Amino acid sequence: MDTKELLKKVKKIEIKTKRLSDHIFSGEYHTSFKGRGMTFSEVRQYQFGDDVRAIDWNVTARYNEPYIKVFEEERELTMMLLVDISGSQDFGSTQDFKSDIVTEIAATLAFSATQNNDKIGIILFSDQIELFIPPKKGKTHVLRIIRELIDFKPKSNKTNVKTALEYLSKVIKKKAIVFILSDFLTPSFESTLRIAAKKHDLTAIRVFDKREKEMPNVGIINVFDPETGQEILINTSDALRRKKYLENYLQAESQFKKLFSTYGAGTIDIEIGESYVKKLLGYFKSR
């Protein structure tokens with residue numbers, strides 16, 4: 001992709017996702033993820049979205065307007081985005097690929113964190129660490145992250161979430177807000193998830209296409225696996241095969257949710273074509 005086309009894409013994503021974060025997500029993000037550390041820092045005037053439980057009633061009574069206590073964690077949080085850029089992300093049965101939706105969600109989350117003056121870092125992974133951008137503040141930093149999400153070319157097409165979680169534990173020593181964006185078509189990673197979930201506030205965002213859930217009845221088709229390069233012919237007219245295909249998907253979906261729930265981590269399922277805005281808002285409000 002040439003520089004002009006890349007900058008045009010970055011600008012388009014910035015306009016769309018920054019508007020969402022400015023007007024929809026910033027307050028919800030602040031309420032959902034602000035820290036409640038034990039180290040008192042200061043008091044400041046109450047702002048929309050602040051937790052009423054943090055109100056300092058003595059100062060409020062003195063100045064006749066609400067003030068809240070600010071703790072050290074609230075002054076500066078770190079958001080880490082772990083983004084799957086393996087071959088399976090370049091799939092979609094509509095006009096969007098999974099990678100397109102993942103990029104928009106990541107940008108929206110990053111701009112929301114920027115509104116809260118938090119640091120944002122990113123790990124791009126396949127079955128290896130493809131790129132690590134350390135946490136930093138500011139719009140320029142977020143735009144760099146978006147550019148990498150759009151234009152980065154991975155060395156590997158395979159996926160391994162375990163690799164990303166192990167690397168996260170090595171490079172991020174303090175508690176962070178962590179979002180893993182992937183389709184989670186990956187080998188087992190339970191042991192590393194258990195360790196990461198104890199340390200960080202962790203949420204898995206699973207982005208999938210409807211054709212990964214339901215096989216259409218369109219006769220014999222040639223199916224290509226972008227991660228392995230394997231091609232096979234499948235008879236989609238076989239009703240039993242279509243039923244088994246759906247059962248396998250539902251089983252994997254159930255195992256995914258159960259795994260993260262076991263270790264106190266959140267999950268969001270987003271199908272290409274549905275509103276990720278509603279899904280994110282619903283998740284933030286439920287916390």
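A search for C-beta distances below 6 Å between a residue of the stretch 119-140 that is more than 16 Å from PHE179 (Cβ to Cβ) and any residue that is of a type in the set (D, E, K, R) and surrounded by 15 or more Cβ atoms within 10 Å (Cβ to Cβ), counting only pairs 6+ apart in sequence or on different chains, returns SER126/LYS158; ASP127/LYS158; LYS136/LYS119; LYS137/LYS119.
The set of residues in the stretch 265-287 that are small (Gly, Ala, Ser) and either in contact with a Leu (Cβ under 6 Å, 6 or more places away or on another chain) or open to solvent by less than 20 Å² (accessible area, probe 1.4 Å) (or both) comprises ALA265, GLY266. Scanning the stretch 206-246 for residues that are charged (D, E, K, R) and not in a helix (DSSP H, G or I), which turns out nearest to SER156 (Cα to Cα)? Out of the qualifying residues, it is GLU227. Residues of the stretch 105-125 that are assigned to a loop (DSSP other than H, G, I, E, B) and either open to solvent by less than 20 Å² (accessible area, probe 1.4 Å) or in contact with a Cys (Cβ under 7 Å, 6 or more places away or on another chain) (or both): ASP118 alone. Considering the stretch 93-119, the residues that are among the polar types (S, T, N, Q) and over 21 Å from LYS137 (Cβ atoms) include one that is nearest to the chain's Cα centre (by Cα), namely SER99.
For the stretch 248-264, the candidate set comprises residues that are under 15 Å from GLU190 (Cα atoms) and among the aromatic types (Phe, Trp, Tyr); within that set, the residue that is surrounded by the fewest Cβ atoms within 10 Å (Cβ to Cβ) is TYR263. Of the numbered criteria (1) at pLDDT 85 or above; (2) of a type outside the set (Gly, Ala, Ser); (3) closer than 27 Å to ARG287 by Cα, the one ASN64 fails is (3). One residue alone among THR159, THR163, THR140 is more than 17 Å from the chain's Cα centre (by Cα) and either closer than 25 Å to LEU77 by Cβ or of a type in the set (Ser, Thr, Tyr) (or both), and that residue is THR140. For the stretch 81-104, a tally of residues being crowded, with 23+ Cβ neighbours inside 10 Å and over 17 Å from PRO226 (Cα atoms) returns 6.
Summed over the stretch 185-217, residues that are free of Cβ contacts under 8 Å to residues at least 40 places away in the same chain and open to solvent by 90 Å² or more (accessible area, probe 1.4 Å) total 4.
The values are calculated or read from the model by the stated rules, or taken from the named source; none is laboratory data. A quick note: this is a predicted structure, and the numbers were derived from the prediction, not measured. For neighbour counting, all protein chains shown are included, and Cβ atoms are generated from backbone atoms with ideal geometry for every residue, glycine included. Accessible surface areas use protein heavy atoms only, side chains included; no ligands, DNA or RNA. Shrake-Rupley method; radii C 1.70, N 1.55, O 1.52, S 1.80 Å.
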